Every structure is written in C-alpha cells, then in structure tokens.
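All remarks here apply to the structure that follows.
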Amino acid sequence: MGLLFPRLAFADDRRALQADDGALSYAELARAAGGHAARLAAMGIAPGARVAVWAQPSIRTFVATVGQLLGGYVTVPLNPKLGARELRHILDDAQPEAVFAADLDAVRARTPKAHLVTMEQASPPRREVDDDPALLLYTSGTTGAPKGAVIPARAVAANIDALAERWRWTDADTVVHALPIFHVHGLVLGALGSLRVGGALRAFGKFEPARIAAALQGEATVSFNVPTMIHRLLDAAEQDPEIARALAGPRLLISGSAGLPVREHRRMEALTGRGIHERYGLTETLINCAVPAYEPPRPGYVGPPLPGVELRLVDDERRPLASDDDATLGEIAVRGPSVFSGYLNRPEATAAVRDIEGWFYTGDLATRTPDGHLRIVGRRSVDLIKTGGYKVGAGEIEAVLLEHPQVREVAVVGVPDDDLGQRIVAFVVPRDPSTPPPAQALIDRVASELTPHKRPREVRMVDGLPRNAMGKVQKKKLI
Ligand code: MLC
Ligand code: AMP
C-alpha cells in the first residue's frame with residue numbers, strides 16, 4: 001500500500017491544514033512532524049510506545065499526531081474536557097510515555113507526563129502502511145469504563161482509500177469540519193483522511209453555523225458533520241438565506257456517527273435544493289458503508305459496504321440472514337482490513353465482539369435492500385446512547401450517580417431528541433424523597449468526573465423504577 005501519507009514525503013507549499021490558531025503547508029507540516037518525531041526519539045521514547053495527545057483544536061495537535069504516526073508511535077488522543085475519573089482511567093489503562101499538548105498550562109495540573117508540542121524542525125520519517133498499531137481510541141460500552149480500541153495503520157489507510165473511491169475524494173478537495181479531533185470522525189476521516197489523499201483541511205475548534213457557512217462559501221468542497229450539526233445548520237439556514245446559499249456550495253455534504261432523520265434530508269432539499277450523503281461506521285471498524293458521491297443521496301440509507309468491507313446481517317444466534325427485502329431485521333457484522341486489532345488489556349471484551357473468523361458484531365440492527373444498501377433501524381442495547389454523535393454508555397453514568405449519597409437507585413436512558421438524536425435522561429430514586437439530590441449537582445458530577453457531553457440533560461425524580469419479574473429494570477418503559 002506504500003506510504004501512509006505520500007504527500008508528506010514529497011511535500012510542497014500546498015496548504016495542508018488550517019486550524020483556528022494557524023495554517024501549515026505540506027512542507028511545513030512535514031518538517032514540524034519530523035521535529036516532533038525526532039524529539040520523541042531524543043527523549044528516549046522508542047517507536048511502538050503509546051504517546052497521548054491532548055486533543056485541543058490547534059495546529060500543534062495535528063503536528064504531534066502526524067509526527068507520532070510517521071515515527072511509528074501509537075497515538076492516544078485525549079478529549080481535553082475529560083473529567084477526573086475518566087482521565088485517570090485512560091492514563092492507567094494506556095500508560096502513555098508522555099502526554100503532548102498545544103497548551104501546557106491546561107495539562108500540567110492534570111498529569112505529570114505533560115509536555116509542550118514545540119514545533120521543532122526536522123525531516124520527517126517515512127512510514128509505510130503496516131500492521132502496527134497507530135491509534136488507541138477510547139470508546140464507551142454498555143457497562144464499565146471506556147475501552148481502548150487498537151487501530152493499526154493498515155486499517156486507517158484501507159478505510160481512507162475505500163472512502164476516497166466512494167466519495168471521489170482527491171487532492172483537489174478541501175474538507176471543512178468542526179468535529180472533535182479525538183474520535184474517528186474528526187481525526188481519522190477529517191484529519192488523516194485529508195492528509196492521505198493530499199487535500200486540504202479547515203478544522204474549526206468549535207461548531208458555529210455561521211463560521212461553517214463562511215468556509216463553505218470559500219474553498220471548501222466537502223463538509224463532514226454529525227446529524228446534530230446538520231440540524232443546527234438547517235435551523236440557521238431557515239433564519240438566514242445566506243447560510244442556505246452557503247450550504248448549497250460544496251460538492252459533498254456528509255453526515256455520519258448517528259442516523260440522520262429523513263426529516264432533515266427533506267429540510268435540506270427544501271431549503272437549498274441539494275442532498276446529504278450518509279455514511280456509517282464505528283470506532284472499532286472505522287467506516288463500513290457510504291452512499292457513493294456518484295449516486296444521488298438516499299435519505300434513510302447509509303449506502304452499501306465500502307470496497308474491501310464484507311458485511312452481513314445475522315440473527316440473534318449470529319447466523320447469517322440471506323435477506324435483502326429491506327424488511328427483515330438483523331445485526332450488522334463486518335469483516336475486512338479496517339476492523340481493529342482488539343481492545344487494549346481486554347481480551348474477553350474483544351472476544352465478545354469479534355469471532356475467530358474475524359467477523360465483528362456491531363450491535364446495530366439494520367435491513368438491506370436488493371441493491372445492497374443498508375438502513376439502520378436501531379441498536380441491540382438500550383444501554384448504548386448516541387447523543388450529538390458521541391457514544392455514551394448508560395452504565396458509566398449510573399455508576400457516577402449512584403455514588404451520590406442522596407441517590408438510592410438510578411436508570412439512565414437516551415430519549416429521542418430532535419437536536420441531539422438522543423438526550424441523556426437520568427431517572428433517580430432519592431434515598432429520602434423529602435430531600436432529593438439537587439439535579440444540577442448530579443449533572444455537574446457527571447460532567448466533572450467523566451466529560452461534559454456525558455452529562456444528563458435532564459434528571460427526573462421518581463418513586464421507583466419499573467422492573468420485570470426477575471427484578472431487572474425495564475428501561476424501555478422509561479423511553
Ligand atoms: C455544559 N458544559 C459544561 C457543563 N455543561 N461544562 C462543565 N460542566 C457542565 N455541567 C460546557 C461544555 O463543555 C461546552 O463547552 C459547552 O458547555 C457546550 O456543551 P454542550 O452543550 O455539551 O455542547 P452541544 O451544543 O450539545 O454540542 C453539540 C455538538 C457536539 C454537535 C457540537 O455534540 C459534538 O461536537 N459532537 C460530535 C461528536 C463526534 O465527533 N462523534 C464522532 C464519534 S466517532 P465549550 O467550551 O465547548 O463551549 C463515530 C464513528 C463514526 O461515531 O461513524 O463516525
Ligand atoms: P462510536 O462508538 O462512537 O464509533 O459509534 C458507533 C455507532 O454510531 C454505531 O454503532 C452506530 O450505532 C452509530 N452510527 C454511526 N454512523 C451512523 C449512521 N450513519 N446511522 C446510524 N447510526 C450510526
């Protein structure tokens with residue numbers, strides 16, 4: 001497959017990326033990434049080691065990440081808003097040799113391993129596409145703390161190449177997004193994808209419809225979004241015809257990380273005359289399906305599997321279903337070069353989702369059309385919530401809330417929400433109904449222990465939780 005980032009090996013003055021705090025050409029990025037890799041070597045950190053990056057939206061974050069990828073290190077991107085408990089968990093689990101940050105002051109108090117990304121200059125190492133781990137991405141499950149998914153360089157390259165084929169994504173493209181750069185969508189697709197195809201990236205640190213619209217009126221040709229962003233862009237476009245005109249500009253408007261309601265597709269068509277192409281993926285598998293750019297958008301469908309991705313629908317016993325009637329529901333299983341190598345330190349968790357033949361069981365339920373397009377209908381577990389495109393496990397929130405002295409019982413669910421897709425709601429049984437815990441204290445506790453996007457948006461005090469004859473909480477009755 002050749003080099004991981006071919007254009008960095010033959011770097012020129014073409015713009016590689018622009019963040020809120022500056023811009024770099026390919027030549028500048030290559031030299032700064034080379035400098036970072038050289039610095040790691042000088043610090044005595046050997047290739048193959050895990051190195052964390054405090055993923056603030058700064059050019060220095062991209063430099064560190066790219067330098068580490070070229071140097072053969074395993075990058076652990078950290079959400080800069082991580083709360084105390086979740087940060088401790090990830091650092092304990094991943095044991096990174098160092099944590100690099102664009103803003104040292106923000107990190108020094110959080111870990112003794114903090115270092116500044118210094119932007120030293122050196123020629124960059126050449127990294128071939130290999131099977132070695134490149135990224136360690138933390139992702140939530142139904143219970144317990146987030147698990148680290150090990151993503152090899154080969155998976156990243158194969159996935160980007162497959163998407164490049166489907167989206168006709170080339171070095172002539174400029175991608176714009178305001179996604180966080182510690183998850184697959186903003187990091188693997190948004191940043192590494194753009195660099196692998198040799199195109200340009202405009203990465204915003206904060207999602208603001210007016211700024212995205214301004215970029216779309218400029219050089220942007222492709223825009224990556226989660227459905228919440230599409231929803232807010234459409235709200236803004238309804239108020240401001242200039243934003244509606246901007247949305248019509250790029251050749252490709254992509255939505256992914258959660259299902260985009262057909263309603264939003266229709267709104268986009270009505271307001272701008274254009275469509276949105278959906279794609280579907282997971283941290284552990286990268287992107288599995290995408291509606292091709294050379295076909296019209298297909299509201300309600302996430303497209304056929306990408307080239308190289310084997311996909312099947314299976315029943316409850318994981319037996320393949322031959323159905324292609326767009327009605328029979330099965331769990332999506334995938335196999336191929338983009339499936340992860342496993343969860344760090346958790347062989348049992350890996351074995352639970354990937355069988356010995358290499359099939360990965362996604363937990364997503366879907367139907368398939370005769371021409372192979374998937375329609376995602378739901379998830380096997382109510383304990384996995386997708387809110388604003390972020391995956392959150394009900395169990396991790398419940399564990400934090402249960403520690404509050406005034407909480408007797410709690411059940412966390414995702415309820416349908418027009419903006420967030422699902423809104424996290426905590427049903428709380430107070431220890432003493434006459435002195436229930438203050439809702440805001442519970443919300444703040446989750447935000448500061450885990451991360452703000454995992455906080456319940458609503459807390460409802462209840463006398464008891466609905467249970468079945470076995471005593472198990474019946475969450476579906478709460479949604
Ligand atoms: C709010 N804030 C608090 C707080 N309440 N801080 C501390 N304590 C509290 N109690 C802060 C937040 O940190 C944030 O700060 C600000 O208030 C607003 O936060 P928010 O209300 O949570 O933001 P919101 O408007 O809901 O964000 C919407 C969003 C975001 C769409 C911008 O959800 C988002 O970026 N989603 C993208 C998720 C994503 O990339 N998923 C991909 C996963 S990969 P501040 O400083 O920011 O203002 C994957 C695979 C695939 O799924 O297929 O792609
Ligand atoms: P994550 O663990 O954050 O990578 O989230 C992966 C999950 O996001 C998948 O298992 C799906 O449930 C969901 N997802 C991603 N893209 C889509 C999409 N286009 N439509 C519906 N669900 C999606």
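How many residues does region 456-479 contain that are open to solvent by less than 70 Å² (accessible area, probe 1.4 Å) and charged (D, E, K, R)?
2
The rows are residues; the columns are (1) crowded, with 23+ Cβ neighbours inside 10 Å; (2) in contact with a helix residue (DSSP H, G or I) (Cβ under 6 Å, 6 or more places away or on another chain).
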residue: ALA27; (1), (2): no, no
residue: ALA30; (1), (2): yes, yes
residue: HIS36; (1), (2): yes, yes
residue: GLN68; (1), (2): yes, no
residue: TYR73; (1), (2): yes, no
residue: GLY83; (1), (2): no, yes
residue: LEU91; (1), (2): no, no
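Please list, ordered by first then second residue, the pairs with beta carbon atoms under 7 Å, 6 or more apart or interchain, first in region 174-191 and assigned by TED's automatic domain parsing to the domain that holds ALA23, second at pLDDT below 95.
Note: pairs meeting the criteria are THR174/GLU219.
When you go through HIS231, HIS277 one by one, which is the residue that is more than 23 Å from ASP173 (Cβ to Cβ), modelled with pLDDT of 95 or more and crowded, with 21+ Cβ neighbours inside 10 Å?
Just one listed residue meets the conditions, HIS231.
Can you say whether THR367 is open to solvent by less than 20 Å² (accessible area, probe 1.4 Å), polar (S, T, N, Q) and either part of a strand (DSSP E or B) or under 21 Å from MET461 (Cβ atoms) (or both), as far as the supplied structure shows?
yes
Based on what the data block shows, is PRO296 away from ligand 1 (no atom under 15 Å from the Cβ), touching a strand residue (DSSP E or B) at 6+ places or on another chain (Cβ under 8 Å) and either open to solvent by 30 Å² or more (accessible area, probe 1.4 Å) or closer than 14 Å to PHE360 by Cβ (or both)?
When the stated conditions are applied, PRO296 does not pass them.
Is one or more of the residues making up region 330-349 closer than 23 Å to LEU136 by Cα and of a type in the set (Asp, Glu)?
yes
Considering only region 422-479, how many residues are touching a residue at least 24 places away in the same chain (Cβ under 8 Å) and in a loop (DSSP other than H, G, I, E, B)?
Residues meeting the conditions: 16.
Taking region 378-387, which residues are more than 9 Å from ligand 2 (Cβ to nearest atom) and either open to solvent by 20 Å² or more (accessible area, probe 1.4 Å) or at pLDDT below 95 (or both)?
ARG380, SER381, VAL382, ASP383
Going through ALA351, ALA327 one at a time, which residue ends up being open to solvent by 60 Å² or more (accessible area, probe 1.4 Å), in a loop (DSSP other than H, G, I, E, B) and either without any contact (Cβ under 8 Å) to a residue 40 or more places away in the chain or of a type in the set (Gly, Ala, Ser) (or both)?
From the options ALA351, ALA327, the qualifying one is ALA327.
What number of residues within region 189-212 satisfy the criterion of being touching a Gly at 6+ places or on another chain (Cβ under 9 Å) and either small (Gly, Ala, Ser) or within 15 Å of ligand 2 (Cβ to nearest atom) (or both)?
Selection size over region 189-212: 4.
Can you list residue pairs whose Cβ atoms sit under 6 Å apart, with the first residue in region 265-283 being closer than 20 Å to PHE360 by Cβ and the second being more than 6 Å from ligand 2 (Cβ to nearest atom)? Count only pairs 6 or more apart in sequence or on different chains.
ARG279/ILE287; ARG279/ALA290; TYR280/ASN288; TYR280/CYS289; GLY281/ILE287; GLY281/ASN288; THR283/LEU137; THR283/ALA149
Regarding ILE287, is this residue closer than 16 Å to THR221 by Cβ, at pLDDT 95 or above and surrounded by 23 or more Cβ atoms within 10 Å (Cβ to Cβ)?
No; evaluated as a whole, the condition is false for this residue.
Could you list, in sequence order, all residues of region 38-51 that are outside any helix (DSSP H, G or I), closer than 13 Å to ALA64 by Cα and open to solvent by less than 60 Å² (accessible area, probe 1.4 Å)?
Result: VAL51, single match.
Can you find even one residue in region 349-358 that is under 28 Å from GLU449 (Cα atoms), within 16 Å of ligand 1 (Cβ to nearest atom) and among the hydroxyl-bearing types (Ser, Thr, Tyr)?
For region 349-358, residues under 28 Å from GLU449 (Cα atoms), within 16 Å of ligand 1 (Cβ to nearest atom) and among the hydroxyl-bearing types (Ser, Thr, Tyr): absent.
Output the residue which, of all residues in region 191-206 that are within 16 Å of ligand 1 (Cβ to nearest atom) and farther than 12 Å from THR174 by Cβ, is most open to solvent (accessible area, probe 1.4 Å).
Only one residue tops the list, namely LYS206.
Determine whether ALA158 is assigned to a helix (DSSP H, G or I), within 21 Å of PHE62 (Cα to Cα) and open to solvent by 10 Å² or more (accessible area, probe 1.4 Å).
So ALA158 passes the test.
Restricting the search to region 163-183, which residues are over 22 Å from SER25 (Cα atoms) and open to solvent by less than 10 Å² (accessible area, probe 1.4 Å)?
LEU163, TRP167
Considering region 252-293 alone, what residues qualify as being within 16 Å of ligand 1 (Cβ to nearest atom) and either assigned by TED's automatic domain parsing to the domain that holds ARG154 or of a type in the set (Val, Ile, Thr) (or both)?
Within region 252-293, ILE254, ILE276, THR283, THR285, ILE287, VAL291 meet the criteria.
Is one or more of the residues making up region 271-279 more than 13 Å from ligand 2 (Cβ to nearest atom) and part of a helix (DSSP H, G or I)?
Looking for residues that are more than 13 Å from ligand 2 (Cβ to nearest atom) and part of a helix (DSSP H, G or I), one finds at least one in region 271-279, hence yes.
Could you run through region 445-455 and say how many residues are more than 19 Å from the chain's Cα centre (by Cα) and surrounded by 23 or more Cβ atoms within 10 Å (Cβ to Cβ)?
1
The values are calculated or read from the model by the stated rules, or taken from the named source; none is laboratory data. This structure is a prediction, so every number in the text was calculated from the model and none was measured. Backbone-built Cβ (ideal geometry, glycine too); neighbour counts: all protein chains shown. SASA here: full protein model, heavy atoms, side chains in, ligands and nucleic acids out. Shrake-Rupley method; radii C 1.70, N 1.55, O 1.52, S 1.80 Å.
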